[in-house]
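Taking it in order: structure first as structure tokens, then the write-up.
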Amino acid sequence: MASGKLGKVLLTANQWALVYKVPQGNEACFNINVVNVGTATAKVYLAITDTGVSSVLPKDHIESGQVLEASGVLERTGIVCQEGESVYAFSDKTDIAVRVHGFEDTL
């Protein structure tokens, strides 16, 4: 059973990136922190899906085009996911850091 940092990534512009996937046989409760470490304003998208990055649909979004100023922070808390669900992040700019932290529990 993992706890603490579950995943992190520095985004590349205009590409969905896998941040964290709940392992089989587990469920997870976690928070997502997003920080703009660059100098340009960015639009950020977050999605949770069980079908993979090629199938991220608007219905999977938990943030859609959230504007994040330079040095700005976005935090989503208390997210609960089941086995096989994945957190993906996307931005129109580089230098966006995303971290998922929380805990996993066996089913």
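The values are calculated or read from the model by the stated rules, or taken from the named source; none is laboratory data. Note that the structure is predicted; figures quoted are calculated from it, not measured. Cβ: placed from backbone, ideal geometry, glycine included. Neighbour counts: every protein chain shown.
Condition check: hydrophobic (A, V, I, L, M, F, W, C), surrounded by fewer than 17 Cβ atoms within 10 Å (Cβ to Cβ), without any contact (Cβ under 8 Å) to a residue 60 or more places away in the chain and assigned to a loop (DSSP other than H, G, I, E, B). Does A70 satisfy that?
Taking the combined requirement at face value, the residue satisfies it.
For the stretch 50-60, the candidate set comprises residues that are under 19 Å from L74 (Cβ atoms) and not aliphatic (A, V, I, L, M); within that set, the residue that is modelled with the lowest pLDDT is P58. Every residue in the stretch 3-38 that is within 13 Å of G102 (Cβ to Cβ), in contact with a Gly (Cβ under 7 Å, 6 or more places away or on another chain) and buried (at least 18 other Cβ atoms within 10 Å of the Cβ), please. Residues satisfying the conditions are L6, V19, Y20, V22, A28, F30.
Entry remark, the stretch 73-104: residues being touching a residue at least 60 places away in the same chain (Cβ under 8 Å) and either among the polar types (S, T, N, Q) or surrounded by fewer than 13 Cβ atoms within 10 Å (Cβ to Cβ) (or both) number 4 in total.
For L46, the conditions (1) out of contact with any Lys or Arg (no Cβ under 9 Å at 6 or more places or on another chain); (2) assigned to a strand (DSSP E or B) are fulfilled apart from (1).
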